[in-house]
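Inspection log for the structure reproduced underneath, given as structure tokens.
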Amino acid sequence: MTRRAAGLLTRPVPAAVAQVAVALLDQARAAGARLDGGQDPEALHDFRVALRRLRTLLRAYRQDLGDLAPKKVQRRLRELTRATSGGRDAEVQLAWIEAHRGELGKRLRTGVPWLLARLEEREAQAYTAIRGEVVQEFREQERRLRRALNPTLVAPNPRGPAFGAAAARLVREHGTTLDQELAAAQTAHDDESVHAARIAVKRLRYLLEPLAAEMPAAAPAVEQLKHLQDLLGELHDLAVLVRELGDAVAEAAAQRARRLHELALKAGGRGRALRAKRPQAGSAGLLALARLAAEWQDRLFQRLATEWGDAAVATLLGDVAALADALAAPPAPVLPLPALPVPPAPHVPPRRARSLVGPSRRTRLVPEEPSTP
């Protein structure tokens, strides 16, 4: 297991959560600004992902946060996420129908243009609400949450249990939940179980993502969880589409009955004009789409069973447990660098004493003259 560096994981939980939460608020704000432009097809997805990651973070660490993240703000964030679901569902359903309508026979396409028009109208209405009310409400909740987090961010000596230790406990708990939810999802058409497994995968992935920067060993598990979440997400999207098609069949039948009633009351020419005004509702194409979506559910579930059998799930959960153990381990102490040996002083030969008088100026000894008697 890769040894983690000191940083986010060693900070107290409130300070670390505040740091991650502010980064997620920045991401949501940027995506909300792109939503205002109306030209970015990924803006709604990015906005929803940032909100979901933020909600998962605050929900997971709520016992350690106390009043740091007000419950009212968390509740409003949940409502904002739900308010974007209708637009996102319509967007996904339109893309799926356009991609697969060629698989229907020509005689089985009756009612499909009507359904597309219905979804396009719903998508447009949802985007209008999102760009107006939802983004505006998010900005209000963003201000409140930032005000609540700021004192913790600027505290000189924050206190509390280490983020890594708290994360270890949560990773273990979410790993156990994921194991249970995957075991419960046994059929393609049990959408409640499939959806619960997808939520469990998503929450575990969002817990691990902030840790990957300091814990590179978490990156492969995050990538595996993303792959599993995508598969379960496709299954859930198809289940939502099948329910939508059921509602559409009922609505189409009601519209057709009303139209026949109107035509019966109109003159022949005017009735033909009324019939040609807009795409006609019909159940044949809608029922064919429902059968096709159900077939794709079965195919995706078979792929899920093949790629994520017992062995693959056990390997993933083992990796998650190892990550939790590494998070729970105390950080390695920072050892001082060993003292470098002091090299011996170089040998310097003793210098000869220098005469104050140069050799050329030495005094010569003159023999004394003999004294005279």
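The values are calculated or read from the model by the stated rules, or taken from the named source; none is laboratory data. This structure is a prediction, so every number in the text was calculated from the model and none was measured. Counting neighbours? That spans all protein chains shown, and the Cβs are built from the backbone with ideal geometry, glycine included. The protein model used for the area step is the full one, side chains on, heavy atoms only, and it has no ligands, DNA or RNA in it. Shrake-Rupley method; radii C 1.70, N 1.55, O 1.52, S 1.80 Å.
Evaluation of A217 against the conditions (1) surrounded by fewer than 23 Cβ atoms within 10 Å (Cβ to Cβ); (2) over 12 Å from V320 (Cβ atoms) shows that the sole unmet condition is (2). Considering the conditions (1) in contact (Cβ under 8 Å) with a residue 40 or more places away in the chain; (2) charged (D, E, K, R); (3) within 30 Å of A165 (Cβ to Cβ), D26 is excluded by exactly one of them, (1).
Restricting to the stretch 39-83, name every residue that is of a type in the set (A, V, I, L, M), open to solvent by 40 Å² or more (accessible area, probe 1.4 Å) and outside any helix (DSSP H, G or I). Listed by number, the list is empty, since nothing qualifies.
For beta carbons closer than 7 Å, sequence separation of 6+ or different chains, a first residue in the stretch 83-105 that is over 16 Å from A126 (Cα atoms) and a second that is assigned to a loop (DSSP other than H, G, I, E, B), the qualifying pairs are R101/R109. Residues that are polar (S, T, N, Q) and either within 27 Å of A16 (Cβ to Cβ) or under 17 Å from the mean Cα position of the chain (by Cα) (or both) were ranked within the stretch 170-214; the one that is surrounded by the fewest Cβ atoms within 10 Å (Cβ to Cβ) is T176.
Residue by residue, here is whether (1) out of contact with any helix residue (DSSP H, G or I) (no Cβ under 7 Å at 6 or more places or on another chain); (2) not in a helix (DSSP H, G or I) holds:
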position	(1), (2)
T128	yes, no
Q136	yes, no
L145	no, no
P151	yes, no
P158	no, yes
A165	no, no
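In the stretch 234-257 there is at least one residue matching the filter, namely being over 27 Å from G86 (Cα atoms), part of a helix (DSSP H, G or I), over 16 Å from the mean Cα position of the chain (by Cα) and of a type in the set (A, V, I, L, M). Does any residue in the stretch 286-311 that is open to solvent by 40 Å² or more (accessible area, probe 1.4 Å) come within less than 8 Å, Cβ to Cβ, of a residue that is at pLDDT below 95 and part of a helix (DSSP H, G or I) six or more places away or on a different chain, and which pairs are these? Listed by first residue and then by second, the contacts come to L287/L245; L287/V249; W296/H100.
So, in the stretch 142-169, of the ones that are modelled with pLDDT under 85 and either open to solvent by 80 Å² or more (accessible area, probe 1.4 Å) or under 22 Å from A50 (Cα atoms) (or both), which residue ends up nearest to the chain's Cα centre (by Cα)? If we take residues in the stretch 142-169 being modelled with pLDDT under 85 and either open to solvent by 80 Å² or more (accessible area, probe 1.4 Å) or under 22 Å from A50 (Cα atoms) (or both), then V154 is nearest to the chain's Cα centre (by Cα). Residues in the stretch 312-338 that are outside any helix (DSSP H, G or I) and open to solvent by less than 60 Å² (accessible area, probe 1.4 Å) were compared, and the one that is modelled with the lowest pLDDT is A332. Where the second residue is in a loop (DSSP other than H, G, I, E, B) and among the β-branched types (V, I, T) and the first is within 19 Å of E181 (Cα to Cα) and lies in the stretch 208-230, which pairs have Cβ atoms under 8 Å and are six or more apart or on separate chains? Partner pairs satisfying both residue conditions: none exist.
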